[in-house]
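Comments concern the structure below.
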Amino acid sequence: MKYRSTRGGVSGLSFIEAVMMGLADDGGLLVPDSIPDVSDELGSWAEASYSELATVIMSHYIDDIPHEVLSKLIETAYSAFDHPEVTPVVPVGDVHVLELFHGPTLAFKDVALQFLGAVFEWVLERDERSINIVGATSGDTGSAAIAGVRGKRSINIFIMFPEGRTSATQELQMTTVLDSNVHNLGVIGSFDDCQSMLKETFSDISFKNEYALAAVNSVNWARVLAQVVYYFFAWYRLGQPGQFDACVPTGNFGNIFAGYIARQMGLPIRRFILATNENDILHRFFSTGVYSREDVLQTHSPAMDIQVSSNLERYLYFLLGRSTERVKRFMKQFASDGRADIPMSTRALDDCFVSGVADNDKTLRTIREVFQQTGYLLDPHTAVAMHVASTYRDDVSQLVLSTAHPAKFSEAIIQSGTPEVGHSTLDQLTELPTRKQVIPADLDVLKNTIRELSQT
């Protein structure tokens, strides 16, 4: 399998080359040349363990890592999870919840970043090289990425997060990691500011190459690929229904795009229910075809406080008939005007997405009501999805993706009127020393910080 950019300037990359490049050198996102149809193979994977299923699915996209090595990397990645099924499916009322929070940082990002960290380590050891990982997080990506690479001699990691806009627990999960290769950067601004600086840094090809920059955000194809797996795994745990709906709390569009890839591969997902909080750029896009940036609002579901969704570009590539020129025009217009349109006639070609919004009040009410009715405690991101899912309920099985453990969001849980829940991994954080550097949302400051700290 080879990989190319959504903007047409990069092609012919192997999987490892795509992983190490991260963001394509032309500013686009890397996608596979083709999506394999595995419909005829689905029946043979029903009894596979999670790691076995991950190996067989990823093998369709990876041909430059020996099979036995890939299997070992995957097995190692998921050995850190506290549930034998890695991503178990549990019934909650009249829906099923896919629990994606059983990794070391209690968030769905672990599923991809434990794998990506293992791949990075193997490649760097093989090639006797080192890298500087630069990432941006609205909450969970940072701690998950740090957990995947902390203490590794061949890797420095720089994680930007919006200062004061993550949950207190999310920040502590990052800043209490004191390994010398970990550098947490609190950016005075929004997540979109962090993400913009990340993309601009990687777009400076000379700087990127000089400092061997690597990406852990969902711009990295390996992130998406690892997430494809749990859609298949969930389908088997649902009993292999003829069709089902997947409701996904959505910010950067990576998680739901992974499901879209699974559907393209032949998994019988009828539709995706895209759930947003008040930062509803994606809901507005799928409702009107207009992609327009607004101010970022702070909510109880901070990982979704985003107004620029990076992975939407990958979806546009497929929606627009794999036309790199049309993708470039769209992204150029959005970058210059903060707005770009897709004609409704084009969008009608792909109607597998519906969407909805849950504001702060609905989020808290959903946490409380679901707990009262079922005894199951939702984190606020999952609560957003649960509320939106309820507006689309019919006789087709519904799968709601749960992206984080509720203990990470104790303030929202308390405000909802439900009992606070703890977790041994998190309870100790407040007693630990912390380290971070606060910087302005300034590209030159970021680059100078990388220059300075990558030498230490």
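The values are calculated or read from the model by the stated rules, or taken from the named source; none is laboratory data. No experiment lies behind these values; they were computed from the predicted model shown. Cβ sites come from the backbone with ideal geometry, for glycine too, and all protein chains shown count toward neighbours.
Can you name the condition, by its number, that residue 27 falls short on among (1) within 30 Å of residue 201 (Cα to Cα); (2) in contact with a Cys (Cβ under 9 Å, 6 or more places away or on another chain)?
So residue 27 meets the others, but not (2).
Given the condition part of a helix (DSSP H, G or I), free of Cβ contacts under 8 Å to residues at least 12 places away in the same chain, farther than 30 Å from residue 47 by Cβ and not basic (Lys, Arg), answer yes or no: does some residue in the stretch 178-196 qualify?
no
Residue check, residue 283 against (1) under 27 Å from residue 364 (Cβ atoms); (2) crowded, with 22+ Cβ neighbours inside 10 Å; (3) in contact with a Leu (Cβ under 9 Å, 6 or more places away or on another chain), all met but one. Which one?
(2)
Would you mind telling me which numbered condition in (1) in a helix (DSSP H, G or I); (2) more than 15 Å from the chain's Cα centre (by Cα) residue 299 fails?
So residue 299 meets the others, but not (1).
Inspect the stretch 45-63 for any residue being touching a strand residue (DSSP E or B) at 6+ places or on another chain (Cβ under 8 Å) and not basic (Lys, Arg) and give the result as yes or no. Talk me through it step by step, then tell me what you get.
Filtering the stretch 45-63 for residues touching a strand residue (DSSP E or B) at 6+ places or on another chain (Cβ under 8 Å) gives 61.
Still in the list and also not basic (Lys, Arg): 61.
Yes, because at least one residue in the stretch 45-63 is touching a strand residue (DSSP E or B) at 6+ places or on another chain (Cβ under 8 Å) and not basic (Lys, Arg).
This table checks each residue for (1) part of a helix (DSSP H, G or I); (2) buried (at least 23 other Cβ atoms within 10 Å of the Cβ).
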position: 354; (1), (2): no, no
position: 362; (1), (2): yes, no
position: 368; (1), (2): yes, no
position: 378; (1), (2): no, yes
position: 382; (1), (2): yes, yes
position: 387; (1), (2): yes, yes
position: 394; (1), (2): no, no
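Do the conditions hold for residue 159, that is, is it farther than 22 Å from residue 408 by Cα and either more than 20 Å from the chain's Cα centre (by Cα) or buried (at least 23 other Cβ atoms within 10 Å of the Cβ) (or both)? Step through it out loud before you land on a result.
Numbers: farther than 22 Å from residue 408 by Cα: no; either more than 20 Å from the chain's Cα centre (by Cα) or buried (at least 23 other Cβ atoms within 10 Å of the Cβ) (or both): yes.
No.
Take the stretch 231-262 and flag every residue that is assigned to a helix (DSSP H, G or I), out of contact with any Phe, Trp or Tyr (no Cβ under 8 Å at 6 or more places or on another chain) and in contact (Cβ under 8 Å) with a residue 60 or more places away in the chain.
Selection gives 234, 237, 261.
Determine which single condition residue 151 fails, assuming it passes every other condition in (1) surrounded by 24 or more Cβ atoms within 10 Å (Cβ to Cβ); (2) not in a helix (DSSP H, G or I).
(1)
Does residue 278 count as at pLDDT 95 or above, acidic (Asp, Glu), surrounded by fewer than 22 Cβ atoms within 10 Å (Cβ to Cβ) and more than 22 Å from residue 34 (Cβ to Cβ)?
It is true that residue 278 is at pLDDT 95 or above, acidic (Asp, Glu), surrounded by fewer than 22 Cβ atoms within 10 Å (Cβ to Cβ) and more than 22 Å from residue 34 (Cβ to Cβ).
Might you check whether a residue that is assigned to a helix (DSSP H, G or I) and buried (at least 20 other Cβ atoms within 10 Å of the Cβ) occurs anywhere in the stretch 333-346?
Kept after step one, since they are assigned to a helix (DSSP H, G or I), are these residues of the stretch 333-346: 333-337, 344-346.
Pick out the ones that are also buried (at least 20 other Cβ atoms within 10 Å of the Cβ) and you get none.
The answer is no; no qualifying residue exists.
Do you know which of the residues in the stretch 107-145 that are out of contact with any Leu (no Cβ under 7 Å at 6 or more places or on another chain) and part of a loop (DSSP other than H, G, I, E, B) is nearest to residue 423 (Cα to Cα)?
The selected residue is 139.
Would you pick out the residues in the stretch 160-181 that are closer than 23 Å to residue 196 by Cβ and in contact with a helix residue (DSSP H, G or I) (Cβ under 8 Å, 6 or more places away or on another chain)?
Within the stretch 160-181, the first condition is being closer than 23 Å to residue 196 by Cβ, and the residues that meet it are 160-167, 170-171, 174-175.
Matches in the stretch 160-181: 160, 161, 162, 165, 166, 167, 170, 174.
Go over the candidates 11, 34 one by one and state the one that is closer than 24 Å to residue 328 by Cβ, surrounded by fewer than 17 Cβ atoms within 10 Å (Cβ to Cβ) and in contact with a Lys or Arg (Cβ under 7 Å, 6 or more places away or on another chain).
Exactly one residue qualifies, and that residue is 11.
Just to be sure before I move on: is residue 302 touching a residue at least 60 places away in the same chain (Cβ under 8 Å), out of contact with any helix residue (DSSP H, G or I) (no Cβ under 6 Å at 6 or more places or on another chain) and under 27 Å from residue 391 (Cβ atoms) in the structure I sent?
yes
Only one of 112, 136, 145 is within 18 Å of residue 434 (Cβ to Cβ), buried (at least 24 other Cβ atoms within 10 Å of the Cβ) and not hydroxyl-bearing (Ser, Thr, Tyr); which?
None of the other options fit; the residue is 145.
Only one residue in 217, 184 is under 19 Å from residue 143 (Cβ atoms) and at pLDDT below 95. Which one? Break it down into steps so the answer makes sense when it comes.
Values: 184 fails: at pLDDT below 95.
Only one candidate qualifies: 217.
Report yes if residue 164 is over 19 Å from residue 75 (Cα atoms) and under 15 Å from the mean Cα position of the chain (by Cα), otherwise no. Full working, then the answer.
Working: over 19 Å from residue 75 (Cα atoms): yes; under 15 Å from the mean Cα position of the chain (by Cα): no.
So residue 164 does not fit the description; no.
Considering only the stretch 415-428, I want to know if a residue exists there that is surrounded by 15 or more Cβ atoms within 10 Å (Cβ to Cβ), closer than 30 Å to residue 197 by Cβ, among the hydrophobic types (A, V, I, L, M, F, W, C) and over 22 Å from the mean Cα position of the chain (by Cα).
no
Of the residues 228, 224, only one is farther than 23 Å from residue 447 by Cβ, in a helix (DSSP H, G or I) and either modelled with pLDDT under 95 or in contact with a Ser or Thr (Cβ under 8 Å, 6 or more places away or on another chain) (or both); which?
Unique residue meeting the criteria: 224.
Keeping to the stretch 43-98, report how many residues are within 21 Å of residue 124 (Cβ to Cβ), more than 22 Å from the chain's Cα centre (by Cα) and not in a helix (DSSP H, G or I).
Of the residues in that region, 4 qualify.
Pairs, please: C-beta under 8 Å, at least 6 apart or cross-chain, first residue at negative phi and aromatic (Phe, Trp, Tyr) and in the stretch 58-72, second in a loop (DSSP other than H, G, I, E, B) and surrounded by fewer than 18 Cβ atoms within 10 Å (Cβ to Cβ)?
61/1; 61/36
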